[in-house]
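J.: Quick one: the structure is below, and I'll ask about it shortly.
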Amino acid sequence: MSMILDIRNLSRVHGTSGQKVHALRGVDLAVASGELVAVMGPSGSGKSTLLTCAGGLDRPTSGEVLVDGNDLATLNAKAVAALRRRRIGYVFQDFNLIPALTAVENVMLPLELDCTRARTARKYAEAALAEVAIPELADRFPDHMSGGQRQRVAIARAIVGDRRILLADEPTGALDSDTGEAVLQLLRDRCDQHGIAGVLVTHDARHAAWADRVVYLRDGVLVGQSGPLPEVDILLETR
Amino acid sequence: MSIKHGLLALLRTEPKYGYQLRGEFEAATNSTWPLNIGQVYTTLTRLERDGLVQASQAGKDDDGRSLYEITEAGRTELAKWFETPVTRESRPRDELAIKLALALAVPGIDVSAVLQRQRASTMESMQELTRLKRIGRDGEISWLLVLESMIFSAEAEIRWLDHCEAMLSRHRRSAKTSTASKDQHQPEDHKAGANQ
């Protein structure tokens, strides 16, 4: 078991010298293959900044973000974008599906952006939809689906191809509790069965409890965690 | 926890032996509240004294154990139990609330750390309960309901802790502001400030 996502001493400062906002201060977080980690904290505690830095959408002010051993800071923008498309999947609260595209076309999108041939992309996308248990909705448009179904499409888009990291920002926020639980079950299964490293940002303790570990952010600092620590030999292996 | 009403509920359909009642009670709650056989027979004796059950005419088993059946009065009592909502009487001693109150009252205690330790610990039990729920998702619905009940109360505790933390930081901010403005405008009015 190895650390797929390894965040070391990460700090992110927004704003200029006059008004500096320290969104994150010296955060360490390592996520192993097959592990689901929940990040909890009040609004403004830095949860979403942590997620965007982890996914290469935002650049740290200092510290390192290693994805599969690659330090994002050492890669140029093009390489980061490629890594993002191939290795990292995002799930958002409001799904972020493109309404003019069908479910399968939405799921194909990251592969097509990565120049995969349409026929191959479609095959992978259909497989991903089958994995989230909605193969029959492939040709349906997002507007003709329930919230839970849309989130499944979004998860299919996040796992299509060979992704190693799944980053979810309040993925159950727009869903009723039963549908939300089903989505968590799905995220959990991805980690358990496919060795994906998952990071789940949530303010809902009930949903955080699905994770192997829960870490708590307060004012940009990690103040504690629940659940087992990584085994000692893993720490020795990566450090 | 009403063992009395639990036993009455299990007797509703047919007469049963004490050891049967114990087994069925534990099965329904997946041993969340283990009963020892002594508790079962003590409770049955009281129920019999109160006329809510009776030792059945059908007689005893080979080991001389009585078969118990529910009486009409017992059925009425059981119906009343199901109809009456459970009241949330304050627990006689809520250790956590007392601990937090004292952490605030006694100088030199890091209340935020107390809150965080409690939150982490409650979350760990919630993670364990959720794990049990995942494993048992195709199992007995009665057991899943019991699990959910425990998950919801753990969740309520975490929400309460979050709420306490937010209240505390708001309180500290306003205390700071009022001290600051007092320092500026009424440096002599120490006593009034302390009493607020």
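J.: Looking only at region B:96-114, filter to residues that are among the small types (Gly, Ala, Ser) and closer than 17 Å to A:Gly224 by Cβ; which one of those is surrounded by the fewest Cβ atoms within 10 Å (Cβ to Cβ)?
T.: Pass one, region B:96-114, residues among the small types (Gly, Ala, Ser): B:97, B:101, B:103, B:105, B:108, B:112-113.
Now restrict to residues that are closer than 17 Å to A:Gly224 by Cβ: B:103, B:112-113.
Working: B:Ala103: 16, B:Ser112: 16, B:Ala113: 12.
Checking each candidate, the answer is B:Ala113.
J.: So is B:Ile151 of a type in the set (Val, Ile, Thr) and away from every other protein chain (no Cβ under 13 Å) or not? Walk me through it before giving the result.
T.: Details: of a type in the set (Val, Ile, Thr): yes; away from every other protein chain (no Cβ under 13 Å): no.
Answer is no for this residue.
J.: Tally the residues that are part of a loop (DSSP other than H, G, I, E, B) and either of a type outside the set (Asp, Glu) or free of Cβ contacts under 8 Å to residues at least 60 places away in the same chain (or both), restricting the search to region A:175-225.
T.: The first filter runs over region A:175-225 and keeps only residues part of a loop (DSSP other than H, G, I, E, B), leaving A:175-176, A:195-196, A:202-204, A:209-212, A:219-220.
Restricting the remaining residues to those that are either of a type outside the set (Asp, Glu) or free of Cβ contacts under 8 Å to residues at least 60 places away in the same chain (or both) gives A:175-176, A:195-196, A:202-204, A:209-211, A:220.
Total satisfying the criteria: 11.
J.: Can you go through B:Arg131, B:Arg170, B:Arg117, B:Arg159 and tell me which one is surrounded by fewer than 16 Cβ atoms within 10 Å (Cβ to Cβ) and more than 9 Å from chain A (Cβ to nearest Cβ)?
T.: Details: B:Arg131 fails: more than 9 Å from chain A (Cβ to nearest Cβ); B:Arg117 fails: more than 9 Å from chain A (Cβ to nearest Cβ); B:Arg159 fails: more than 9 Å from chain A (Cβ to nearest Cβ).
One residue alone meets the criteria, B:Arg170.
J.: Please report, ordered by residue number, the strands (runs of 3 or more DSSP E) entirely within region A:5-110 with at least 1 residues that are aromatic (Phe, Trp, Tyr) and under 30 Å from A:Arg152 (Cβ atoms). Even if it seems obvious, please write down each step before you answer.
T.: Numbers: elements: A:21-32, A:36-40, A:62-67, A:88-92.
Answer list for region A:5-110: A:88-92.
Residues checked against (1) surrounded by fewer than 24 Cβ atoms within 10 Å (Cβ to Cβ); (2) of a type in the set (S, T, N, Q); (3) under 17 Å from the mean Cα position of the chain (by Cα); (4) at pLDDT below 90:
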position: A:Ser146; (1), (2), (3), (4): yes, yes, no, no
position: A:Arg152; (1), (2), (3), (4): no, no, yes, no
position: A:Gly198; (1), (2), (3), (4): no, no, yes, no
position: A:Leu235; (1), (2), (3), (4): yes, no, no, yes
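J.: Are any of the residues in region B:83-106 within 14 Å of chain A (Cβ to nearest Cβ) and within 22 Å of B:Glu26 (Cα to Cα)? Break it down into steps so the answer makes sense when it comes.
T.: So in region B:83-106, the residues within 14 Å of chain A (Cβ to nearest Cβ) come out as none.
No, there is no match, as no residue in region B:83-106 is within 14 Å of chain A (Cβ to nearest Cβ) and within 22 Å of B:Glu26 (Cα to Cα).
J.: What number of residues within region B:42-65 satisfy the criterion of being within 19 Å of B:His5 (Cα to Cα), surrounded by fewer than 18 Cβ atoms within 10 Å (Cβ to Cβ) and not charged (D, E, K, R)? Can you show your working first?
T.: Of the residues in region B:42-65, the ones within 19 Å of B:His5 (Cα to Cα) are B:42-56.
Adding the requirement that they be surrounded by fewer than 18 Cβ atoms within 10 Å (Cβ to Cβ) leaves B:42, B:45-46, B:48-51, B:54-56.
With the extra rule that they be not charged (D, E, K, R), the set shrinks to B:42, B:45, B:51, B:54-56.
Qualifying residue count, region B:42-65: 6.
J.: Restrict the check to region A:127-148 and report whether at least one residue is part of a helix (DSSP H, G or I) and under 27 Å from A:Met40 (Cβ atoms). Walk me through it before giving the result.
T.: Let us first name the residues in region A:127-148 that are part of a helix (DSSP H, G or I), namely A:127-131, A:135-137, A:142-144, A:147-148.
So of that shortlist, the ones also under 27 Å from A:Met40 (Cβ atoms) come out as A:147-148.
The answer is yes; a qualifying residue exists.
J.: Shifting gears a bit: Would you call B:Ser142 part of a helix (DSSP H, G or I), loosely packed, with under 15 Cβ neighbours inside 10 Å, at pLDDT 80 or above and within 11 Å of chain A (Cβ to nearest Cβ)? Working first, answer last.
T.: On the way: part of a helix (DSSP H, G or I): yes; loosely packed, with under 15 Cβ neighbours inside 10 Å: yes; at pLDDT 80 or above: yes; within 11 Å of chain A (Cβ to nearest Cβ): no.
Here the answer is no, as B:Ser142 does not meet what is asked.
J.: Working carefully through the options A:Ala182, A:Ala205, A:Ala209, find the one that is modelled with pLDDT under 90, over 24 Å from A:Asn9 (Cβ atoms) and within 12 Å of chain B (Cβ to nearest Cβ). Break it down into steps so the answer makes sense when it comes.
T.: Details: A:Ala205 fails: modelled with pLDDT under 90; A:Ala209 fails: modelled with pLDDT under 90.
Exactly one of A:Ala182, A:Ala205, A:Ala209 is modelled with pLDDT under 90, over 24 Å from A:Asn9 (Cβ atoms) and within 12 Å of chain B (Cβ to nearest Cβ), namely A:Ala182.
J.: Looking only at region A:102-113, which residues are more than 23 Å from A:Ser146 (Cβ to Cβ) and either out of contact with any helix residue (DSSP H, G or I) (no Cβ under 6 Å at 6 or more places or on another chain) or surrounded by fewer than 14 Cβ atoms within 10 Å (Cβ to Cβ) (or both)?
T.: Here is the first cut: in region A:102-113, the residues more than 23 Å from A:Ser146 (Cβ to Cβ) are A:110-113.
A:Leu113 - this is the single residue of region A:102-113 that is more than 23 Å from A:Ser146 (Cβ to Cβ) and either out of contact with any helix residue (DSSP H, G or I) (no Cβ under 6 Å at 6 or more places or on another chain) or surrounded by fewer than 14 Cβ atoms within 10 Å (Cβ to Cβ) (or both).
The values are calculated or read from the model by the stated rules, or taken from the named source; none is laboratory data. Here the structure is a predicted model, which is why all the values come from computation and not from measurement. Because the Cβ atoms are built from the backbone with ideal geometry, glycine has one as well, and the counts that use them run over all protein chains shown.
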